[in-house]
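The values are calculated or read from the model by the stated rules, or taken from the named source; none is laboratory data. Quantities reported herein were computed from a predicted structural model and do not represent experimental measurements. With ideal geometry, Cβ positions are generated from the backbone for all residues, glycine too; neighbour counts draw on all protein chains shown. Surface areas here come from the heavy atoms of the whole protein model, side chains and all, with no ligands, DNA or RNA. Shrake-Rupley method; radii C 1.70, N 1.55, O 1.52, S 1.80 Å.
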Amino acid sequence: VSALLKSRPEATGLALEVLAGHSGLERTIASPHIQKTGLALAGFHEYLREGRVLVFGESEVRYIESLPQLARQNALASAFAHDIPCVLITGGWAPPVELLAAAERYNMPLLRTPVPTPLAIAKITSLLEDTLAVREIIHGVLIDILGLGVLMVGESGIGKSECALDLVVRGHRLVADDTVEVRRRGETIVLGTCPELTRHHMEIRGLGVINIRDLFGVASTRTSKQVE
């Protein structure tokens with residue numbers, strides 16, 4: 001949850017603030033799929049899924065406010081007893097006092113965003129899908145050839161980097177040399193990026209490590225590309 005809070009709101013469009021439950025910020029978000037099951041507050045809490053962010057919109061906040069004080073406490077206690085990473089209040093709604101107290105009691109991070117519910121769900125799902133994507137390091141070279149992401153793989157020393165340099169000389173763009181970090185987005189999209197340590201650099205046998213951007217200009221490199 002703490003990593004989610006560090007995401008830049010100017011880039012994600014999702015400003016977040018912590019209202020309560022600061023001691024639970026190390027809880028783990030295990031799934032990019034959120035849950036908005038207001039029925040959990042009405043007693044059907046067995047449908048809550050572990051590791052998923054729980055979203056409270058206007059209907060959930062209004063329902064909690066409509067309950068008697070003891071019923072509020074019991075409903076929140078039943079919901080927060082599950083292994084939920086955090087609760088997100090959308091639309092900037094002010095939570096009832098009992099909700100703040102329950103979040104503190106169960107060390108449940110209670111977050112709030114001014115973004116309306118449908119837009120907030122879309123934004124946080126997209127953010128979590130990217131953050132929780134399956135990642136792998138592959139030995140190879142990733143090149144952008146006429147807009148097509150081409151990943152060259154093979155045994156060490158067969159000339160992958162030399163081939164890539166020849167392509168860069170011809171006007172194509174280097175993404176990553178030697179170490180390519182690939183991550184899966186959705187079921188069919190694979191994105192390749194270069195680790196920060198080796199970004200814009202390439203190792204050529206007999207020549208050493210060269211900086212492609214310094215030699216050929218900023219248009220000769222890019223930070224990521226879909227592997228096609």
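Quick check on the stretch 211-228: of everything there that is among the β-branched types (Val, Ile, Thr) and either free of Cβ contacts under 8 Å to residues at least 40 places away in the same chain or assigned to a loop (DSSP other than H, G, I, E, B) (or both), which residue is surrounded by the most Cβ atoms within 10 Å (Cβ to Cβ)? Step by step, filter the stretch 211-228, then rank; the result is Val227. Could you list all residues from the stretch 151-162 that are open to solvent by less than 60 Å² (accessible area, probe 1.4 Å), in contact with a strand residue (DSSP E or B) (Cβ under 7 Å, 6 or more places away or on another chain) and either of a type outside the set (S, T, N, Q) or over 16 Å from Ile204 (Cβ atoms) (or both)? Across the stretch 151-162, the qualifying residues are Leu151, Met152, Lys160. Scanning the stretch 36-73 for residues that are hydrophobic (A, V, I, L, M, F, W, C), within 21 Å of Ile124 (Cβ to Cβ) and open to solvent by 30 Å² or more (accessible area, probe 1.4 Å) turns up just one, Leu39. Any residue in the stretch 61-84 that is within 19 Å of Tyr47 (Cα to Cα) sitting within a Cβ distance under 6 Å of a residue that is open to solvent by 80 Å² or more (accessible area, probe 1.4 Å)? List the pairs, counting only those 6 or more apart or interchain. Pairs that qualify, where the first residue is within 19 Å of Tyr47 (Cα to Cα) and the partner is open to solvent by 80 Å² or more (accessible area, probe 1.4 Å), are Asp83/Glu50.
Give the stretch 184-209 a look and list any residue that's in contact (Cβ under 8 Å) with a residue 12 or more places away in the chain and closer than 19 Å to Leu148 by Cβ, or say none. Even if it seems obvious, please write down each step before you answer.
Within the stretch 184-209, the first condition is being in contact (Cβ under 8 Å) with a residue 12 or more places away in the chain, and the residues that meet it are 184-186, 189-195, 198-205.
Residues satisfying the conditions are Arg184, Arg185, Ile189, Val190, Leu191, Gly192, Thr193, Cys194.
Does Thr179 satisfy being surrounded by fewer than 16 Cβ atoms within 10 Å (Cβ to Cβ), in contact with a helix residue (DSSP H, G or I) (Cβ under 7 Å, 6 or more places away or on another chain), closer than 30 Å to Ser31 by Cβ and not basic (Lys, Arg)? Criteria met by Thr179.
Among the residues of the stretch 9-23, the ones that are open to solvent by less than 60 Å² (accessible area, probe 1.4 Å) and assigned to a helix (DSSP H, G or I) come to 1 in all.
Restricting attention to the stretch 74-95, the residues that are open to solvent by 10 Å² or more (accessible area, probe 1.4 Å) and out of contact with any Leu (no Cβ under 7 Å at 6 or more places or on another chain) add up to 9.
Only strands (runs of 3 or more DSSP E) wholly contained in the stretch 61-149 count here; list those with 1 or more residues that are basic (Lys, Arg), at pLDDT 90 or above and out of contact with any Phe, Trp or Tyr (no Cβ under 9 Å at 6 or more places or on another chain). Of the strands (runs of 3 or more DSSP E) lying wholly inside the stretch 61-149, none has at least 1 residues that are basic (Lys, Arg), at pLDDT 90 or above and out of contact with any Phe, Trp or Tyr (no Cβ under 9 Å at 6 or more places or on another chain).
Here is a check on your reading of the model: is Gly186 loosely packed, with under 12 Cβ neighbours inside 10 Å and not hydrophobic (A, V, I, L, M, F, W, C)?
On the way: loosely packed, with under 12 Cβ neighbours inside 10 Å: yes; not hydrophobic (A, V, I, L, M, F, W, C): yes.
So Gly186 fits the description; yes.
Residues in the stretch 162-197 that are part of a strand (DSSP E or B), closer than 17 Å to Val134 by Cβ and charged (D, E, K, R): Glu181, Arg183, Arg184, Arg185.
With Leu148, Leu100, Leu167, Leu174 as the choices, which residue is open to solvent by 70 Å² or more (accessible area, probe 1.4 Å), in contact (Cβ under 8 Å) with a residue 12 or more places away in the chain and over 23 Å from the mean Cα position of the chain (by Cα)?
On the way: Leu100 fails: open to solvent by 70 Å² or more (accessible area, probe 1.4 Å); Leu167 fails: open to solvent by 70 Å² or more (accessible area, probe 1.4 Å); Leu174 fails: open to solvent by 70 Å² or more (accessible area, probe 1.4 Å).
Of Leu148, Leu100, Leu167, Leu174, the one residue that is open to solvent by 70 Å² or more (accessible area, probe 1.4 Å), in contact (Cβ under 8 Å) with a residue 12 or more places away in the chain and over 23 Å from the mean Cα position of the chain (by Cα) is Leu148.
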